[in-house]
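Written below as C-alpha coordinates is the structure these notes are about.
The values are calculated or read from the model by the stated rules, or taken from the named source; none is laboratory data. Only a predicted model underlies this, so the values are computations on that prediction, with no experimental measurement involved. Heads up, the Cβs are rebuilt from the backbone with ideal geometry, glycines too, and the neighbour counts pull from every protein chain shown. The accessibility values were calculated without ligands, DNA or RNA, using every heavy atom of the protein model including side chains. Shrake-Rupley method; radii C 1.70, N 1.55, O 1.52, S 1.80 Å.
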Amino acid sequence: MRIKYEEMVGQFVRVLEKYGIHGEDALVSAKLFADASADGVHTHGLQRFPKFIASIKNGSVDVEKRAVPVERIGLIERWDGQKGPGNLNARICMERAVALAKENGFGIVALRNTNHWMRPGNYGLMAVQSDCIGILWTNTTPNMPSWGGKNAVLGNNPLVVAIPYRDCPVVVDVAMSMFSYGKLEKYKREGIQCPVDGGIDEDGNITRDPARILKTHQVLPIGYWKGSGLSLVLDLIAATVSGGLTTNEIGKLDTETSLSQIFMAFDLASIPDRGEVEKQIGDTLLGIEESTPVKEGMKVHYPGQGMKRTREESMKLGVFADDGLWQQVLEM
(Lines give C-alpha, C1' and ligand atoms only; values in the text may rest on other atoms or scores of the structure.)
Protein backbone atom coordinates (compact mmCIF):
# COMPACT_ATOMS: atom_id res chain seq x y z
CA MET A 1 0.00 0.00 0.00
CA ARG A 2 1.02 3.65 -0.27
CA ILE A 3 0.65 6.15 2.56
CA LYS A 4 0.83 9.91 2.22
CA TYR A 5 4.13 11.17 3.65
CA GLU A 6 2.36 13.65 5.94
CA GLU A 7 0.07 10.90 7.28
CA MET A 8 3.04 8.64 8.02
CA VAL A 9 4.80 11.44 9.87
CA GLY A 10 1.63 12.25 11.81
CA GLN A 11 1.10 8.68 12.97
CA PHE A 12 4.75 8.37 14.01
CA VAL A 13 4.45 11.62 16.01
CA ARG A 14 1.30 10.34 17.73
CA VAL A 15 3.01 7.14 18.86
CA LEU A 16 6.26 8.85 19.85
CA GLU A 17 4.43 11.34 22.05
CA LYS A 18 2.59 8.47 23.73
CA TYR A 19 5.96 6.95 24.63
CA GLY A 20 7.54 10.14 25.97
CA ILE A 21 9.14 11.98 23.03
CA HIS A 22 7.34 15.30 22.60
CA GLY A 23 7.16 18.48 20.56
CA GLU A 24 9.92 19.26 18.06
CA ASP A 25 11.86 16.12 18.99
CA ALA A 26 8.87 13.93 18.14
CA LEU A 27 8.48 15.67 14.77
CA VAL A 28 12.18 15.38 13.94
CA SER A 29 12.29 11.70 14.90
CA ALA A 30 9.10 10.97 12.95
CA LYS A 31 10.47 12.65 9.82
CA LEU A 32 13.71 10.68 10.05
CA PHE A 33 11.72 7.42 10.01
CA ALA A 34 9.39 8.61 7.25
CA ASP A 35 12.29 9.96 5.16
CA ALA A 36 13.95 6.56 5.22
CA SER A 37 10.83 4.88 3.84
CA ALA A 38 10.25 7.70 1.34
CA ASP A 39 13.78 7.19 0.00
CA GLY A 40 13.17 3.45 -0.36
CA VAL A 41 15.19 2.39 2.71
CA HIS A 42 12.20 0.58 4.22
CA THR A 43 14.32 -1.55 6.55
CA HIS A 44 15.20 1.54 8.58
CA GLY A 45 11.94 3.45 8.20
CA LEU A 46 8.52 1.95 8.91
CA GLN A 47 10.04 -1.51 9.37
CA ARG A 48 12.33 -0.23 12.13
CA PHE A 49 9.74 1.90 13.95
CA PRO A 50 8.11 -0.89 16.03
CA LYS A 51 11.57 -2.03 17.12
CA PHE A 52 12.39 1.50 18.24
CA ILE A 53 9.22 1.65 20.34
CA ALA A 54 10.11 -1.76 21.82
CA SER A 55 13.56 -0.42 22.80
CA ILE A 56 11.85 2.43 24.66
CA LYS A 57 9.54 -0.01 26.45
CA ASN A 58 12.40 -2.32 27.49
CA GLY A 59 14.47 0.56 28.85
CA SER A 60 17.31 0.48 26.30
CA VAL A 61 16.39 4.00 25.17
CA ASP A 62 16.00 6.81 27.73
CA VAL A 63 13.55 9.23 26.10
CA GLU A 64 14.54 12.01 28.50
CA LYS A 65 18.24 12.03 27.55
CA ARG A 66 20.11 13.65 24.65
CA ALA A 67 23.76 13.76 23.55
CA VAL A 68 25.93 16.25 25.46
CA PRO A 69 29.54 17.41 24.91
CA VAL A 70 32.05 16.05 27.43
CA GLU A 71 35.53 17.04 26.21
CA ARG A 72 37.58 18.37 23.31
CA ILE A 73 40.82 16.95 21.93
CA GLY A 74 42.22 19.32 19.32
CA LEU A 75 39.57 19.54 16.60
CA ILE A 76 37.76 16.48 17.93
CA GLU A 77 34.75 16.84 20.20
CA ARG A 78 33.68 13.90 22.34
CA TRP A 79 29.98 13.62 23.16
CA ASP A 80 28.03 11.27 25.46
CA GLY A 81 24.68 10.04 24.16
CA GLN A 82 23.45 9.12 27.66
CA LYS A 83 21.53 6.21 26.05
CA GLY A 84 19.05 8.66 24.54
CA PRO A 85 17.18 8.11 21.25
CA GLY A 86 19.80 7.16 18.68
CA ASN A 87 18.36 9.10 15.76
CA LEU A 88 18.02 12.34 17.76
CA ASN A 89 21.54 11.94 19.17
CA ALA A 90 22.93 11.36 15.68
CA ARG A 91 21.17 14.44 14.32
CA ILE A 92 22.57 16.58 17.16
CA CYS A 93 26.12 15.34 16.52
CA MET A 94 25.95 15.73 12.75
CA GLU A 95 24.70 19.31 13.20
CA ARG A 96 27.63 19.97 15.50
CA ALA A 97 30.16 18.44 13.07
CA VAL A 98 28.80 20.70 10.32
CA ALA A 99 29.02 23.75 12.60
CA LEU A 100 32.67 22.91 13.36
CA ALA A 101 33.33 22.48 9.64
CA LYS A 102 31.92 25.94 8.95
CA GLU A 103 34.32 27.35 11.56
CA ASN A 104 37.44 25.37 10.66
CA GLY A 105 36.86 23.78 7.25
CA PHE A 106 36.59 20.38 8.98
CA GLY A 107 34.65 19.10 11.95
CA ILE A 108 34.56 15.79 13.81
CA VAL A 109 32.29 14.66 16.62
CA ALA A 110 32.81 11.28 18.30
CA LEU A 111 29.76 9.97 20.12
CA ARG A 112 29.67 7.22 22.73
CA ASN A 113 26.97 5.57 24.84
CA THR A 114 24.21 6.02 22.26
CA ASN A 115 21.59 3.80 20.62
CA HIS A 116 20.80 2.58 17.10
CA TRP A 117 20.69 5.63 14.82
CA MET A 118 18.09 4.12 12.43
CA ARG A 119 18.85 5.12 8.79
CA PRO A 120 22.35 6.65 8.71
CA GLY A 121 21.97 8.12 5.22
CA ASN A 122 19.73 10.80 6.77
CA TYR A 123 22.72 12.35 8.51
CA GLY A 124 24.89 12.27 5.41
CA LEU A 125 22.14 14.20 3.63
CA MET A 126 22.18 16.74 6.49
CA ALA A 127 25.82 17.45 5.72
CA VAL A 128 25.07 17.77 2.01
CA GLN A 129 22.29 20.27 2.69
CA SER A 130 24.89 22.47 4.40
CA ASP A 131 27.27 22.13 1.42
CA CYS A 132 29.53 19.71 3.27
CA ILE A 133 30.91 16.26 2.56
CA GLY A 134 29.69 13.95 5.31
CA ILE A 135 31.49 10.80 6.49
CA LEU A 136 30.04 8.86 9.40
CA TRP A 137 29.86 5.37 10.80
CA THR A 138 28.80 3.35 13.83
CA ASN A 139 29.68 0.09 15.49
CA THR A 140 27.03 -2.46 16.45
CA THR A 141 26.52 -5.52 18.56
CA PRO A 142 28.39 -8.60 17.21
CA ASN A 143 26.32 -9.85 14.26
CA MET A 144 28.88 -11.05 11.69
CA PRO A 145 31.72 -13.60 11.75
CA SER A 146 35.28 -12.55 11.07
CA TRP A 147 36.44 -13.94 7.73
CA GLY A 148 37.27 -17.62 8.23
CA GLY A 149 35.33 -17.88 11.49
CA LYS A 150 31.84 -19.16 12.34
CA ASN A 151 30.69 -17.24 15.40
CA ALA A 152 29.59 -13.58 15.27
CA VAL A 153 32.41 -11.42 16.67
CA LEU A 154 32.24 -8.36 14.37
CA GLY A 155 29.56 -5.75 13.82
CA ASN A 156 28.26 -4.98 10.34
CA ASN A 157 29.12 -1.35 11.22
CA PRO A 158 27.32 0.82 8.63
CA LEU A 159 29.32 3.54 6.84
CA VAL A 160 27.98 6.61 5.01
CA VAL A 161 29.76 8.96 2.61
CA ALA A 162 27.71 11.82 1.12
CA ILE A 163 29.05 14.36 -1.39
CA PRO A 164 27.11 17.44 -2.58
CA TYR A 165 26.39 17.67 -6.29
CA ARG A 166 23.68 19.98 -7.63
CA ASP A 167 20.23 18.56 -6.83
CA CYS A 168 21.36 14.92 -6.69
CA PRO A 169 24.22 14.25 -4.25
CA VAL A 170 26.38 11.15 -4.24
CA VAL A 171 25.28 9.02 -1.28
CA VAL A 172 26.88 5.70 -0.30
CA ASP A 173 25.14 4.11 2.69
CA VAL A 174 26.36 0.55 3.30
CA ALA A 175 26.73 -1.98 6.07
CA MET A 176 29.86 -4.13 6.12
CA SER A 177 27.68 -7.21 5.52
CA MET A 178 26.28 -8.16 2.12
CA PHE A 179 22.80 -7.55 3.54
CA SER A 180 21.63 -5.77 6.67
CA TYR A 181 19.57 -7.84 9.08
CA GLY A 182 16.61 -5.58 8.30
CA LYS A 183 16.91 -6.48 4.62
CA LEU A 184 17.15 -10.19 5.45
CA GLU A 185 14.01 -9.94 7.59
CA LYS A 186 12.24 -8.18 4.71
CA TYR A 187 13.22 -10.92 2.25
CA LYS A 188 12.11 -13.61 4.70
CA ARG A 189 8.78 -11.90 5.32
CA GLU A 190 8.17 -11.58 1.58
CA GLY A 191 9.25 -15.16 0.92
CA ILE A 192 11.99 -14.32 -1.57
CA GLN A 193 15.66 -15.22 -1.87
CA CYS A 194 18.56 -12.79 -1.61
CA PRO A 195 19.59 -11.59 -5.10
CA VAL A 196 23.21 -12.70 -4.44
CA ASP A 197 24.94 -14.95 -1.91
CA GLY A 198 24.30 -13.53 1.54
CA GLY A 199 25.51 -15.87 4.26
CA ILE A 200 26.29 -19.33 5.59
CA ASP A 201 23.66 -21.94 6.50
CA GLU A 202 23.69 -24.56 9.27
CA ASP A 203 25.63 -26.98 7.08
CA GLY A 204 28.41 -24.48 6.40
CA ASN A 205 27.32 -23.78 2.84
CA ILE A 206 26.97 -20.36 1.24
CA THR A 207 23.27 -19.58 0.75
CA ARG A 208 20.82 -16.99 -0.53
CA ASP A 209 18.05 -18.16 1.82
CA PRO A 210 17.38 -15.28 4.28
CA ALA A 211 15.71 -17.57 6.84
CA ARG A 212 18.75 -19.84 7.04
CA ILE A 213 21.11 -16.87 7.34
CA LEU A 214 19.00 -15.34 10.11
CA LYS A 215 19.13 -18.69 11.92
CA THR A 216 22.95 -18.93 11.89
CA HIS A 217 23.74 -15.17 12.11
CA GLN A 218 26.56 -15.88 9.67
CA VAL A 219 26.14 -13.06 7.14
CA LEU A 220 28.87 -12.64 4.55
CA PRO A 221 31.06 -9.53 4.82
CA ILE A 222 31.13 -7.31 1.74
CA GLY A 223 34.21 -8.19 -0.27
CA TYR A 224 34.70 -11.25 1.96
CA TRP A 225 37.97 -10.72 3.91
CA LYS A 226 38.11 -7.06 2.86
CA GLY A 227 34.76 -6.25 4.46
CA SER A 228 35.76 -8.21 7.54
CA GLY A 229 38.91 -6.11 7.96
CA LEU A 230 37.08 -2.84 7.28
CA SER A 231 34.43 -3.70 9.88
CA LEU A 232 37.14 -4.26 12.48
CA VAL A 233 38.99 -0.98 11.91
CA LEU A 234 35.77 1.08 11.82
CA ASP A 235 34.79 -0.40 15.19
CA LEU A 236 38.18 0.25 16.78
CA ILE A 237 38.41 3.83 15.50
CA ALA A 238 34.89 4.71 16.67
CA ALA A 239 35.48 3.28 20.14
CA THR A 240 38.96 4.77 20.52
CA VAL A 241 38.13 8.29 19.36
CA SER A 242 34.84 8.49 21.28
CA GLY A 243 36.12 6.80 24.43
CA GLY A 244 33.22 4.35 24.10
CA LEU A 245 32.65 0.61 23.83
CA THR A 246 33.89 -1.71 21.11
CA THR A 247 31.66 -4.26 19.40
CA ASN A 248 33.23 -6.93 21.61
CA GLU A 249 32.17 -5.03 24.76
CA ILE A 250 28.72 -4.21 23.41
CA GLY A 251 28.21 -7.95 22.85
CA LYS A 252 28.47 -8.52 26.61
CA LEU A 253 25.39 -6.36 27.28
CA ASP A 254 21.83 -7.67 27.40
CA THR A 255 20.81 -5.71 24.30
CA GLU A 256 22.33 -3.57 21.54
CA THR A 257 23.04 -0.24 23.26
CA SER A 258 25.97 1.99 24.28
CA LEU A 259 27.19 2.23 20.67
CA SER A 260 30.15 4.32 19.44
CA GLN A 261 29.84 6.59 16.39
CA ILE A 262 31.87 9.07 14.32
CA PHE A 263 30.53 12.14 12.46
CA MET A 264 32.83 14.09 10.13
CA ALA A 265 32.09 17.07 7.88
CA PHE A 266 34.25 18.84 5.27
CA ASP A 267 33.04 22.31 4.24
CA LEU A 268 33.15 22.61 0.45
CA ALA A 269 32.36 26.33 0.63
CA SER A 270 35.76 26.95 2.24
CA ILE A 271 37.67 25.34 -0.65
CA PRO A 272 39.21 28.10 -2.82
CA ASP A 273 39.01 26.10 -6.08
CA ARG A 274 35.39 25.06 -5.51
CA GLY A 275 34.40 25.59 -9.15
CA GLU A 276 37.10 23.27 -10.45
CA VAL A 277 36.26 20.67 -7.80
CA GLU A 278 32.60 20.65 -8.81
CA LYS A 279 33.56 20.30 -12.47
CA GLN A 280 35.71 17.28 -11.65
CA ILE A 281 32.85 15.70 -9.71
CA GLY A 282 30.46 16.37 -12.59
CA ASP A 283 32.82 14.92 -15.20
CA THR A 284 33.31 11.79 -13.10
CA LEU A 285 29.59 11.25 -12.59
CA LEU A 286 28.84 11.90 -16.26
CA GLY A 287 31.43 9.26 -17.17
CA ILE A 288 29.52 6.76 -15.02
CA GLU A 289 26.15 7.67 -16.53
CA GLU A 290 27.51 7.39 -20.07
CA SER A 291 29.26 4.06 -19.50
CA THR A 292 28.04 1.04 -21.43
CA PRO A 293 25.49 -1.00 -19.43
CA VAL A 294 25.80 -4.76 -19.05
CA LYS A 295 22.26 -5.23 -20.37
CA GLU A 296 21.03 -3.36 -23.42
CA GLY A 297 18.31 -0.83 -22.67
CA MET A 298 19.40 -0.31 -19.05
CA LYS A 299 21.15 2.77 -17.69
CA VAL A 300 24.12 3.00 -15.34
CA HIS A 301 23.55 5.26 -12.33
CA TYR A 302 25.78 6.66 -9.61
CA PRO A 303 24.86 6.12 -5.93
CA GLY A 304 22.14 8.59 -4.94
CA GLN A 305 20.22 8.82 -8.21
CA GLY A 306 17.90 5.95 -7.36
CA MET A 307 17.17 7.48 -3.97
CA LYS A 308 16.24 10.83 -5.54
CA ARG A 309 13.90 9.16 -8.01
CA THR A 310 12.23 7.11 -5.27
CA ARG A 311 11.79 10.17 -3.02
CA GLU A 312 10.09 12.12 -5.83
CA GLU A 313 7.75 9.20 -6.51
CA SER A 314 6.95 8.80 -2.81
CA MET A 315 6.05 12.47 -2.42
CA LYS A 316 3.82 12.33 -5.49
CA LEU A 317 2.11 8.96 -5.09
CA GLY A 318 2.63 8.14 -1.42
CA VAL A 319 5.22 6.13 0.53
CA PHE A 320 5.25 2.36 0.08
CA ALA A 321 4.31 0.62 3.33
CA ASP A 322 3.98 -3.00 4.36
CA ASP A 323 0.31 -3.49 5.24
CA GLY A 324 0.96 -5.48 8.39
CA LEU A 325 3.61 -3.11 9.75
CA TRP A 326 1.44 -0.07 9.05
CA GLN A 327 -1.44 -1.71 10.92
CA GLN A 328 0.90 -2.28 13.89
CA VAL A 329 1.64 1.45 14.00
CA LEU A 330 -2.05 2.36 13.77
CA GLU A 331 -2.79 0.06 16.73
CA MET A 332 -0.01 1.42 18.95
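Numerical summary
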{"quantity": "Label point at Asp322 placed 7 Å out along Cα→Cβ; residues across segment 128-162 whose backbone nitrogen lies under 14 Å", "calculated": "none"}
{"quantity": "Cα-derived Rg to Rh of segment 47-107, Kirkwood definition", "calculated": "1.10"}
{"quantity": "Qualifying chymotrypsin sites (Phe, Trp or Tyr not before Pro) in segment 177-271, DSSP loop, other Cβ atoms within 10 Å at most 13", "calculated": "Tyr224"}
{"quantity": "Those residues of segment 128-160 whose amide nitrogen sits under 15 Å from the label point placed on Ile206, 7 Å along Cα→Cβ", "calculated": "147-149"}
{"quantity": "Sulfur and carbon atoms: percent of accessible area, the chain [1.4 Å]", "calculated": "54 percent"}
{"quantity": "Residue-normalised accessible area of segment 21-104, expressed per residue, 1.4 Å probe, Å²", "calculated": "39 Å²"}
{"quantity": "Projected label distance in nm at Glu290 and Lys252, using a 7 Å step from Cα toward the beta-carbon", "calculated": "5.7 nm"}
{"quantity": "Backbone N within segment 96-129 under 15 Å of label point (7 Å from Glu24 Cα along the Cβ vector)", "calculated": "96"}
{"quantity": "Within segment 1-92, GluC sites (Glu not before Pro) in DSSP loop having at most 16 other beta-carbon neighbours inside 10 Å", "calculated": "Glu64"}
{"quantity": "Percentage of interatomic Cα-Cα distances in segment 196-322 larger than 25 Å", "calculated": "61 percent"}
{"quantity": "Square roots of 5 times each gyration tensor eigenvalue, C-alpha, the chain, largest first, Å", "calculated": "27, 26, 24"}
{"quantity": "Sequence ranges 301-307, 287-293, ranked by mean other-Cβ count within 10 angstrom, highest first", "calculated": "301-307, 287-293"}
{"quantity": "Prolate/oblate/rounded label for segment 217-256 (Cα gyration tensor, a/c 1.5)", "calculated": "oblate"}
{"quantity": "Cleavage-rule hits, trypsin sites (Lys or Arg not before Pro), segment 188-296, DSSP coil, Cβ neighbours within 10 Å at most 15", "calculated": "Lys252, Lys295"}
{"quantity": "Entries of Lys51/Lys252; Lys31/Lys65; Lys65/Lys226; Lys18/Lys186 with Cα pairs more than 25 Å apart", "calculated": "Lys65/Lys226; Lys18/Lys186"}
{"quantity": "Tail weight of P(r) past 20 Å, computed on alpha-carbon pairs of segment 231-302, percent", "calculated": "61 percent"}
{"quantity": "Label-point gap, in nm, between Ser270 and Glu190 - each point 7 angstrom along Cα→Cβ", "calculated": "4.2 nm"}
{"quantity": "For segment 84-103 versus segment 147-200, the gap between their alpha-carbon centres in whole angstrom", "calculated": "24 Å"}
{"quantity": "Efficiency of FRET from Cβ geometry, Asn151 and Asn58, R₀ 22 Å, rounded to 0.05", "calculated": "0.30"}
{"quantity": "For q = 0.10, 0.20, 0.22 Å⁻¹, Debye-computed log10 I/I(0) when each Cα of segment 104-216 counts as one equal scatterer", "calculated": "-0.39, -1.07, -1.18"}
